[in-house]
1. In nm, to one decimal, how far is the residue 167 label point from the residue 109 one, both placed 7 Å along Cα→Cβ?
2. Provide the packing ranking of 13-19, 198-204, i.e. peptides ordered by the mean count of other C-beta atoms within 10 Å per residue, highest first.
3. When a/c is below 1.5 the answer is rounded, else prolate if a/b is larger than b/c, else oblate, so apply that to segment 81-143 with a ≥ b ≥ c taken from the square roots of the Cα gyration tensor eigenvalues.
4. Checking the a/c ratio against 1.5 first, then a/b against b/c, what shape does the Cα gyration tensor give for segment 58-217?
5. Subtract the Cα-Cα distance of residue 189 and residue 177 from 0.36 nm times their separation in residues, and report this length gain in nm to one decimal.
6. Ranking request for peptides 207-218, 42-53: highest mean number of other beta-carbon atoms within 10 Å first, then the rest in descending order.
7. Figure the gain on full extension for residue 48 and residue 78 (residue separation times 0.36 nm, minus the Cα-Cα span) and round it to one decimal in nm.
8. I'd like the distance between the alpha-carbon centres of segment 128-142 and segment 61-117, rounded to an integer number of Å.
């Protein structure tokens, strides 16, 4: 009876929030419907009143992480470059909040209607800044994949930390003719490694600067080259 009452009080959002908390404790591989049901004090079938299957649960969790990053178009007076940088940092932070956050989002089958509508608003704002729709989409997609990949590596590296040799540079240097003066070792030493804020910022800036160059190469809208048809079928002479 008590279990049925608790089950009756469940909501979809409660299930997702609890699943995210459990994710932080057990990781994605340890997150099962049975374990989640036990955490909520119900039997597994009670969850299927709110989510049809585990994939829908995982999609809902991924959607919550994306929304928590604060998606949306640029603020008034904010350049698209500053907005993309802010958006990327916020997205990275949101992924890092949860254990296996990047892996969860990268494997989502779909996102919710609110996220999709917000994404469309972002692309519309980018078009207002001079992007074509396809360049806007490719830019956001490239940045999203970059952030996902960086965080996925960070979180994977964190799990493997216990197996990492205490002196990694020395171990690498032993494989190279130049030893501790080999170019790879010097690069690691000077850069502080391939993870962390500085490494992330370098890649992010390269993507944004590359986007600016691609935008500058695009011909202004409404301009046609000789021989290209006008919309009504006429051609320039």
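1. 5.1 nm
2. My ranking of the peptides, most packed first, is 13-19, 198-204.
3. It comes out prolate by the Cα gyration axes.
4. Here segment 58-217 falls in the oblate category.
5. Here the answer is 2.6 nm.
6. 42-53, 207-218
7. 6.4 nm
8. Their Cα centres are 16 Å away from one another.
Each reported figure results from applying straightforward, stated rules to the coordinates on display, with no laboratory input. Values in this document were obtained by computation on a predicted structure and should not be read as measured data. So basically every Cβ, Gly included, is an ideal-geometry build from the backbone, and we count neighbours across all protein chains shown.
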